[in-house]
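What follows draws every value from the coordinates through simple rules; no lab data is involved. Here the structure is a predicted model, which means the values were calculated and not measured. Note that each Cβ is placed from the backbone with ideal geometry, even for glycine, and that neighbours are counted across all protein chains shown.
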Amino acid sequence: MVLFPGRDERLRAGHLWVYRTEIARIEGAPQDGDAVAVRTAFGHHLGVGFLNTRSVITVRILAAGDPPLDEAFFAGRLRSALALRGRPGWASSAGRLIYSEGDGLPGVIVDRYGDVLVLQTLTLGMDRRKEMLVRLLNETVRPRGIYARNDVAVRRLEGLPKEHGWLTDAGPAVVEIEEGPCRFLVDIEHGQKTGFFLDQRENRLRVAELAAGLRVLDCFAYTGAWGIQAAAHGAAAVTGMEISDAAVVMAEQNAARNHCADRCEWLRENAFDGLRRLAAAGPAFDLVILDPPAFVKTRSALAAGLAGYKEINLRALKALAPRSWLVTCSCSYHVDEARLVATVNEAARDARRTIRIVESRSQARDHPVHPAMPETRYLKCLIIAVD
């Protein structure tokens, strides 16, 4: 594959995606899913990756050299990913074992929940090698079972169907994990993402350190992890707000498992509506946590998404007592930290509150960032003191 002149600078810097509009010609007759070499217009070798002419991202580069993309190559990448997670202080009963481009395996996600793995193969090239990946994971990790959560919309962009199910003998559909002092149930078949929001693990534990004696509001609570961690660290009371009935049921079960159900209340309510109601009632909380789903999935949705972020932050600030905390997050890649900070600042001015950013955090360390790919750093988490 040969690129147009002048379309190689980003790839020379180490980026792993080749877009359809950058390709001058495809030499030979490779089939979608095959490995292809990528070269500049002047013949300089940039790397080797998997081809999919149906996708806007037509090649995803796996290696800068020209190694065979065989089982030994994948075994080496897997060993490297596992070695990173095996370093001192990283031990956990749940975590991300492979993070796509961050671990040099674009299109592969592997999450561990106890002795069960959840696998996502999000690109055609990786999906065709799914059996090999399962075999390697069985040999190296030796899980009780491996479940496929290939029910995400991005697969349609690759010409792949949505699917889910066991890739090995069936294991448990609901798994218990540990996170710090807490235990949580994870529904790997029906839960959001692969069952749990692993990328916020370290942020939840950090924020919980602030919670002793405080009245906590956990918006977009899902199965209650933020609020229950706060309760486990001594929060006086936790109010969780979540629209999904199934998630609220599991949040109630998680609170009971962690012996804090008497301090936790779960509201089945849309967070936008609930925040407006609570803001109108006046300051009643000392810590508000905003961990919404991605409001901006495309650049064209940026303006509307920023309006959504401003709305929830404005209402949260009005529900906060003096000398309190706001934790606000965005998992939208198209909303960078500068935009998020500016949006929260606008909300604070409209709410007539003084704020100070105490910490700026990102995703958990088992979601490593590729230095040439800003797309791999998507999560922003601001811990803000509110006067």
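With an 8 Å cut-off on Cα pairs and a minimum separation of 6 or more residues, tell me the relative contact order of region 2-63 in percent.
Contact order relative to length: 37 percent.
Charge tally for Leu167 (other residues, Cβ to Cβ under 9 Å; Lys, Arg +1; Asp, Glu -1): 0. Panel note: the C-alpha atoms of the chain, placed on their principal axes, show extents of 68, 47, 37 Å (largest first). Extension gain, Asp70 to Arg12: 0.36 nm times the residue separation minus the Cα-Cα distance gives 18.5 nm. Centre-to-centre, using Cα atoms only, region 314-387 and region 171-243 are separated by 19 Å. Helical content of the chain, expressed as a calculated mean residue ellipticity at 222 nm, amounts to -8000 deg cm²/dmol (DSSP H runs of 4 or more residues, -39,500 (n - 2.57) each, divided by residue number, nearest 500). Convex hull of alpha carbon positions in region 197-386: directionally averaged projected area 10.2 nm².
Just to be sure I follow: if Rg is taken over the C-alpha atoms of region 164-307 and Rh is the Kirkwood radius over the same atoms, what is Rg/Rh?
Over the Cα atoms of region 164-307, Rg/Rh equals 0.99.
What percentage of all Cα-Cα pairs in region 301-378 are separated by more than 22 Å? For region 301-378, the share of Cα pairs beyond 22 Å comes to 30 percent.
Put a plus charge on the Cβ of each Lys and Arg, a minus charge on the Cβ of each Asp and Glu, and nothing anywhere else: the dipole of region 127-179 about its Cα centre is then about 320 debye. Between Thr21 and Ala91, the simple spin-label model (points 7 angstrom out along Cα→Cβ) gives 5.0 nm.
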